[in-house]
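The values are calculated or read from the model by the stated rules, or taken from the named source; none is laboratory data. If you're wondering where the values come from, they're calculated on a predicted model, not measured in any experiment. Using ideal geometry, Cβ is built from the backbone for each residue, glycine included, and neighbour counts are taken over all protein chains shown. Remember, those area values only see protein heavy atoms, side chains included, never the ligands or the DNA or RNA. Shrake-Rupley method; radii C 1.70, N 1.55, O 1.52, S 1.80 Å.
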2 protein chains.
Amino acid sequence: MPKTTYIELLSPQVTPKSLPAVLTVAGSDSSGGAGIEADIKTINAHGVYGLTCIAALTAQNTSGVEAVEQTPIEHLRKILKKNFDDFVEGYKGEHPLKVVKTGMLTEAAATVLSENVDYLNKNDVKIVMDPVMVSTSGVTLTDNKTVQLCFDKIFPSTFLCTPNYVEALQLYGAKEGKEPEVKSLADLEKLIVALQQVLKCQNLLVKGGHIPWTKDGKLAEQKNGDDLVIADVLYESKEDRITVFKSPYISSENTHGTGCTLASSIASNVAKGFTLQQAVPLSINYIHTGMLSLASKLGHGHGPVDHTNIANNSVQTVIKGSDSLKSDLKEKHGGALSFFKNHELIKDNWKRYTEHRFVELVATNKLPFDKFLFYLKQDVYYLVNYAQIHGLAASVAPSYEQIHAQAEVIDNIMKEIERHKAKLLKKYNIDFDKADLDSELQPAKPCIAYCDYLLKVGKTQDFLGIKVAVAPCLHGYAEAGIYGSKIRAQHDGSLGVLSSIDESEVYGSWLDDYTSDWYTEANEIGIKVLDDTIAAVDISEQRLDELTKIFNDVTLLEIAFWDEITETI
Amino acid sequence: MPKTTYIELLSPQVTPKSLPAVLTVAGSDSSGGAGIEADIKTINAHGVYGLTCIAALTAQNTSGVEAVEQTPIEHLRKILKKNFDDFVEGYKGEHPLKVVKTGMLTEAAATVLSENVDYLNKNDVKIVMDPVMVSTSGVTLTDNKTVQLCFDKIFPSTFLCTPNYVEALQLYGAKEGKEPEVKSLADLEKLIVALQQVLKCQNLLVKGGHIPWTKDGKLAEQKNGDDLVIADVLYESKEDRITVFKSPYISSENTHGTGCTLASSIASNVAKGFTLQQAVPLSINYIHTGMLSLASKLGHGHGPVDHTNIANNSVQTVIKGSDSLKSDLKEKHGGALSFFKNHELIKDNWKRYTEHRFVELVATNKLPFDKFLFYLKQDVYYLVNYAQIHGLAASVAPSYEQIHAQAEVIDNIMKEIERHKAKLLKKYNIDFDKADLDSELQPAKPCIAYCDYLLKVGKTQDFLGIKVAVAPCLHGYAEAGIYGSKIRAQHDGSLGVLSSIDESEVYGSWLDDYTSDWYTEANEIGIKVLDDTIAAVDISEQRLDELTKIFNDVTLLEIAFWDEITETI
């Protein structure tokens, strides 16, 4: 017998998550770049569960389609039934199937789909229809009966229809007898509104990936030059709103399957709960990333895109910002911190936080001392995480002065921890190390929620996002310190619920920490860094909305942190 | 006309990468959890390009298979031809197709595959064969003619065959007339060797996911209890070596498609260049993560696993370590730093680095001063990245003392940058900010390569991995400083190629920096932190190998950094 080695494997540590599901009805592209294969790859890369209904098997590669085997209609019916039985029917809460995405449809597939559109609409399953009529290589993939089924039954039931530019012209031509003339973006905007009225789909996106425009919105005559842009044009009929997403034209050989991929990316983002205003730019970013991220082309024709990139979930990071918003922040709002704390969404929460009852109880010696000790332990646990997020900030800081500044912040936080420990250790003989954090400190739920939130921001946001997430703690404690000190100055000095002068001194010194010179200075530096960081980037409205949400989330987490202490008093 | 909003999108910033490819020949599972769908999801999640050859379309869900439509043999031939034409033929260098993975095979698929095994072997395309004969739900999926084709032609040509436990018994029984009796792991080890001789595949993995064993290696009678383990047993015939990968038994409802997924994960890892000793534990980790990462089950039968998790590339993080290795490091090798720099792989490189000609040229005033200025600028660029990796270290530090220590290190690095800048600024009126780093400092290729490597380590490794990656710089400069200072002490004081005493003083002060008290202290603290960090974890041989590789990689990057300066002198 050969020698045997035993290797023990560790259990993976995972945080379970829920997966929404997208079902794709399309043809299979054996070369993996388009069709079902591109859809499944894309859906999975978006953190969404993918189901299939394969309408046809093609034998193809990046150079062309050789043969097509269509799936019998009865088999398609069985597949859809099986999938609906398992992913729509029989759930107590929401069922996982959020979107049915269609690609190349055979007559059989279009027939079966049209039989099911009412069922899907009734069950809140959105239809995202990519009307694949012409492949990148120019072959017409769909026959006339299928087109008729689409017009009669499917288009009017779809949430979103995503023809590319050529398909949009053809679809309009198929119905109106004559293809429209489009020479400018303005013409295209007119066409999209007219086409929506023809198709009767709820929303319409004309994908413009292959069609470059000049900067002034004319159809470009040549597909080269630095100034070319592409335009993906969205019309939302309920809102009666056109949005033109412009991006730099990418001259890439990796274009096989871009249409399928963009549509399935949008379907996935819609399944995740994004609006079309969010889903479309995120999906354009996904497809452009995939066009640029291959070091060498695969296949000998138009190469496939790279589907292995993780889909971006932050719409703000894919949209260009504007200078005017930046100067408004400074001129109209008196800086970023002032903007956030006076924001309609945040104003009341900020007051609830910085004038929290916890601070009043401390200032007037009315907080039971064991509650305060519990708070201090929680705060030590929190501060360790707060220091770590500054480590992440250092790793993405845009200047070395700011890298250095993060190190100084960590240093200050560590001193704050030492002061907390000194209060506990010297007076009450309580000591602990990081190793004890989980057992001895036993963080309560609000503390864990806050730390988890910070960690997530630290790992997913840029320097600005991190700075906004740490701002409510830094600046809120400065304001709370002033608020509490004022109350304490008017306090009669009585011990309240405390049992010794020592305890009262601990309360006084805690308030003093946050009104001290060094804390006031740290607070002012923080305000300036926030302003400087925003001044250094082009900020978009969407990004500012996201930052506002982060600031508000953290403010609410601060409130919950103190509520935990005071709610039983 | 409705109102139009124009939104400008940013171009994604990407680092292009190469994708190896895996072709999967299997049936489609419309419910997305097994078959082609599971394969494609898994392959993509491993950063590998997936191609397909769909042998059959099933109408199924998690509760069972309802109907199967087989793909005609001629169509399968066309699909394979198209894929080989595009992913094997016509490449100047290596072709992208590394692995063909098979799942459920129809007779037609087995026939076409057997026609192509010689072609695949000739073209270095490995075959990973998952002999799907029985699904999780107990249905036999393959007929006898297909089994015969496998035995005659396919098994003997496969790189790896991956039956599950039940299939292993059946395959043995099919050939030998009688299923073997397995009551213990020892019996299974005997069976795997015998089965390999029957199948004649190069390597054989018996997947044990469904079969729990007791701690002492007996077949467990019940599928519950904390002490149960599962065993995936690998036999490599060339090495005549059995490896048993043991992991805690996971009681999960999410088991639909686990077999396909494990096999396609291994196929992907093999395509990426991992050995089976690495690929198998990584793939077990991928499948276990997928079984645990769903917050709620999908479907009403055995639910699918979650394929959306990014595959782990660090085999060391999935293997349990041992105490003995840790004490060896301390007792036998005199600590971690000493172990690494005296390692067979590193020893000579360490000497080439710490006694680099650059240091000699500085010590003897023989380095042209413009070369030194170029080095200093490069080093400033590098140090900024070096500081940022310490930010990442802080964010994953296991104790708050060590979080604090990282902040102090960043502070020290910043002071080092300031000293570099002072040398340049005061004497030569050269100043720059981070904003100028890319233009003014113009990092050379070795500098960029080094920074990229550090950043990758910082983002993918734990605290220990980061500490090992920063060690060669910290400790190597201390040794180089001593080496250079000794040479300079014997130097006659002549200006050499320099043009002023000022320049000579810059060289002297550069050497003094790395022999100064504060640097010596930092060096000693670093040695201790490395030892403490290793002492705090269970380290495996595989992990130590990986750390050794990191230490060596960085040592070579240090050499290249100085070679860039000296190679034209």
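Out of A:90, B:116, A:317, whose Cα points farthest toward the positive end of the dipole of the protein assembly as shown (charges: +1 Lys, Arg; -1 Asp, Glu; placed on Cβ)? Checked the options; the winner is B:116.
Amide H contacts for residue B:30 (H built 1.01 Å from N in the peptide plane; partners 5 or more residues away or on another chain; cut-off under 5 Å): B:58, B:60.
For residue B:293, the residues 5 or more places off, or on other chains, whose built amide H falls under 5 Å of its own are B:306. Counting only lysines at least 8 places from residue A:78 when in the same chain, those with an alpha carbon closer than 25 Å to its own are A:41, A:92, A:98, A:101, A:122, A:126, A:145, A:153, B:41, B:297. Place a label point 7 angstrom from the Cα of residue A:459 along the Cα-to-Cβ direction, then list the residues of segment A:395-417 whose backbone nitrogen is under 17 Å away. Correct set: A:395-396.
Accessible area ranking (1.4 Å probe, heavy atoms, ligands and nucleic acids excluded), largest first, for B:491, B:390: B:491, B:390. Is segment B:266-389 best put as rounded, prolate or oblate by its Cα gyration tensor, with a ≥ b ≥ c the root eigenvalues, rounded for a/c under 1.5, and otherwise prolate when a/b is larger than b/c, oblate when not? Prolate, since a/c reaches 1.5 and a/b exceeds b/c.
Taken over the Cα atoms of segment A:323-567, the convex hull encloses 122 Å³ per residue.
Take each residue in B:295-305, count the other chain C-beta atoms within 10 Å of its C-beta, and the mean is 4.
Any chance you could give the angle, 0 to 90 degrees and rounded to 10, that helix B:73-87 forms with the longest Cα principal axis of chain B? Rounded to the nearest ten degrees, it is 10. In order along segment A:454-463, the Karplus-derived 3J(HN,Hα) couplings, from 6.51 cos²θ - 1.76 cosθ + 1.60 at θ = phi - 60°, round to 4, 4, 5, 4, x, 8, 10, 9, 7, 4 Hz, and Gly and Pro are given as x. Each of residue A:1 and residue B:92 was given a label point 7 Å from its Cα along the Cα-to-Cβ line. The distance between the two points is 5.4 nm.
Taking a Cβ cut-off of under 13 Å around residue A:156, the surrounding Lys, Arg, Asp and Glu residues balance to a net charge of +1, with basic ones at +1 and acidic ones at -1.
Counting DSSP beta bridges with both partners in the protein assembly as shown, what percentage is antiparallel, nearest 5? Once the DSSP bridges in the protein assembly as shown are tallied, antiparallel ones form about 45 percent.
Between the listed residues B:182, B:274, B:57, the Cα displaced farthest toward the positive end of the dipole of segment B:21-317, a dipole computed from Cβ unit charges relative to the Cα centre, is found at B:274. Per-residue surface analysis assigns residue A:213 an accessible area of about 0 Å², computed on protein heavy atoms at 1.4 Å probe radius.
In the protein assembly as shown, helices alone account for a calculated mean residue ellipticity at 222 nm of -17000 deg cm²/dmol, with every DSSP H run of four or more residues adding -39,500 (n - 2.57).
The stretch between residue A:489 and residue A:63 holds 145.2 nm of extra length on full extension. This uses 0.36 nm per residue minus the Cα-Cα distance.
Dipole magnitude for segment A:21-317: computed about the Cα centre from +1 point charges on Lys and Arg Cβ and -1 point charges on Asp and Glu Cβ, it is near 420 debye. Starting from the Cα gyration tensor of segment A:176-308, take the square roots of the eigenvalues, sort them a ≥ b ≥ c, and report rounded, prolate or oblate (rounded when a/c is under 1.5, otherwise prolate if a/b is larger than b/c, else oblate). It is oblate, given that a/c is not under 1.5 and a/b is not larger than b/c.
Quick note on chain B: its Rg to Rh ratio, both from C-alpha atoms and Rh being the Kirkwood radius, is 1.07. Taking max minus min of the alpha-carbon positions on each principal axis, segment A:190-239 gives extents of 37, 17, 16 Å, largest first. Compared with the alpha-carbon gap, the fully stretched path from residue A:505 to residue A:124 is longer by 131.0 nm at 0.36 nm per residue.
Computed with every protein chain present, the accessible area of residue B:77 is close to 80 Å² [probe 1.4 Å]. Rolling a 1.4 Å probe over the protein heavy atoms of chain A, with every protein chain left in place, gives an accessible area that is 49 percent carbon and sulfur. Measuring with a 1.4 angstrom probe and ignoring ligands and nucleic acids, residue A:322 comes out at about 40 Å² accessible. Mind listing, in residue-number order, the residues in segment A:383-399 that have at least 50 Å² less accessible area with every protein chain present than in their own chain alone (1.4 Å probe)? Buried by 50 Å² or more upon assembly, which counts only protein chains, are A:388, A:395. If you take the Cα centroid of segment B:1-54 and the Cα centroid of segment A:273-307, the two points sit 9 Å apart. With the alpha-carbon atoms of segment B:47-173 aligned to their principal axes, the span from lowest to highest coordinate is 47, 30, 30 Å, starting with the largest.
For segment B:198-233, the list of trypsin sites (Lys or Arg not before Pro) that fall in a loop by DSSP and count at most 15 other C-beta atoms within 10 angstrom reads B:200, B:215, B:223. Residue by residue, segment B:561-569 carries 3J(HN,Hα) couplings of 4, 7, 4, 3, 7, 9, 5, 9, 9 Hz when phi is fed to the Karplus relation 6.51 cos²θ - 1.76 cosθ + 1.60 (θ = phi - 60°); x denotes Gly or Pro. Residue-wise HN-Hα couplings along segment A:253-270, as the Karplus relation 6.51 cos²θ - 1.76 cosθ + 1.60 with θ = phi - 60° gives them from phi, are 7, 8, 10, 5, x, 4, x, 4, 5, 4, 5, 6, 5, 4, 4, 5, 5, 5 Hz; Gly and Pro carry x. Please give the helix B:517-535 orientation as an angle from the longest Cα principal axis of chain B, in degrees from 0 to 90, rounded to the nearest 10. It is inclined by approximately 20 degrees. Equivalent-ellipsoid semi-axes for segment B:21-317 (Cα gyration tensor, √(5λ), whole Å, largest first): 27, 21, 20.
Note on surface exposure: A:104, B:1 rank B:1, A:104 by accessible area, highest first, 1.4 Å probe. Counting Lys and Arg as +1 and Asp and Glu as -1 over every other residue whose Cβ lies under 14 Å from the Cβ of residue B:485, the net charge comes to -4. Take the Cα of residue B:296, step 7 Å toward its Cβ, do the same at residue A:563, and the gap between the two points is 2.4 nm. Once the Cα atoms are used to define both axes, helix B:501-513 deviates from the longest principal axis of chain B by about 50 degrees. The Cα atoms of the protein assembly as shown cover 82, 79, 72 Å along the three principal axes, with the biggest extent listed first. The Cys residues in chain A with no partner Cys Cβ within less than 4.7 Å of their Cβ are A:53, A:150, A:260, A:447, A:451, A:473. Model label points for residue B:525 and residue A:324, set 7 angstrom from Cα along the Cα-to-Cβ axis, are 5.2 nm apart.
Once the 1.4 Å probe is applied to the protein heavy atoms, chain A comes out at 39 Å² accessible per residue. Between residue B:144 and residue B:238, full extension at 0.36 nm per residue minus the direct alpha carbon distance yields a gain of 30.9 nm.
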